[in-house]
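Some notes on the structure that comes next.
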Amino acid sequence: MVSHEQIIEKLRGCLDPELGLNIIDLGLVYGVNIEGSRVNVTMTLTTPGCPLDSYFTQDITARLKSIKGISDVSVELTFDPRWEPNMMSEEGKDLLGFVN
């Protein structure tokens with residue numbers, strides 16, 4: 001069985017090309033649901049008008065399908081709640097120069 005940690009580790013490789021930071025540290029991933037060989041990722045974007053939705057969907061799907069035991073991936077975009085910089089990890093804030 002695939003673990004939540006394996007999924008998160010693969011998602012750390014998915015970088016926002018504009019910011020150069022992965023989607024986990026950016027706080028864009030709201031949830032990961034594993035049901036057998038199927039994984040559903042619920043995420044947001046930094047802004048509702050961000051044109052990277054298909055980029056992220058394709059990258060996430062390819063990365064997760066490379067894990068043995070995963071045959072189906074879905075990515076659900078939501079803007080509820082809206083993303084805010086305080087959703088980033090401490091490492092992400094440091095890398096982008098946010099001060100607490």
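The values are calculated or read from the model by the stated rules, or taken from the named source; none is laboratory data. Values in this document were obtained by computation on a predicted structure and should not be read as measured data. Every residue, glycine among them, receives a Cβ derived from its backbone with ideal geometry; neighbour counts consider all protein chains shown. Note: areas computed on protein heavy atoms with side chains; ligands, DNA, RNA excluded. Shrake-Rupley method; radii C 1.70, N 1.55, O 1.52, S 1.80 Å.
Structure summary
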item: HN-Hα J in Hz across the stretch 6-12 - Karplus 6.51, -1.76, 1.60, θ = phi - 60°, x for Gly and Pro; result: 4, 5, 4, 4, 5, 5, 5
item: At 1.567 mPa s and 4 °C, Stokes diffusion of the chain via Kirkwood alpha-carbon radius, µm² per second; result: 94 µm²/s
item: Computed over the stretch 1-93: relative contact order in percent, which uses C-alpha pairs under 8 Å that are six or more apart; result: 33 percent
item: Within the accessible area of the stretch 1-64 (1.4 Å probe), percent carbon and sulfur; result: 50 percent
item: With 5 Å bins from 0: P(r) over the stretch 25-74, alpha-carbon pairs, percent; result: 5, 19, 30, 24, 14, 6, 2
item: Residues with amide H under 5 Å from that of residue 74, placed H, sequence gap 5 or more; result: 39, 40, 41
item: MRE, 222 nm, helices only [DSSP H, n ≥ 4, -39500 (n - 2.57), over the chain, to nearest 500]; result: -8000 deg cm²/dmol
item: Rounded accessible area per residue of the chain, 1.4 Å, Å²; result: 56 Å²
item: Antiparallel DSSP beta bridges within the chain, as percent of all bridges there, nearest 5; result: 55 percent
item: Most positive-pole-ward Cα, 81, 61, 43, against dipole of the chain from beta carbon charges; result: 61
item: Extended-chain gain in nm, criterion 0.36 nm per residue less alpha-carbon gap, residue 99 and residue 32; result: 21.3 nm
item: Per-pair calculated FRET efficiency, R0 = 25 Å: residue 91 and residue 62 via Cβ, rounded to 0.05; result: 0.55
item: 19 Å cut-off, amide nitrogen to a point 7 angstrom out along residue 52 Cα→Cβ, residues in the stretch 64-85; result: 64, 75-85
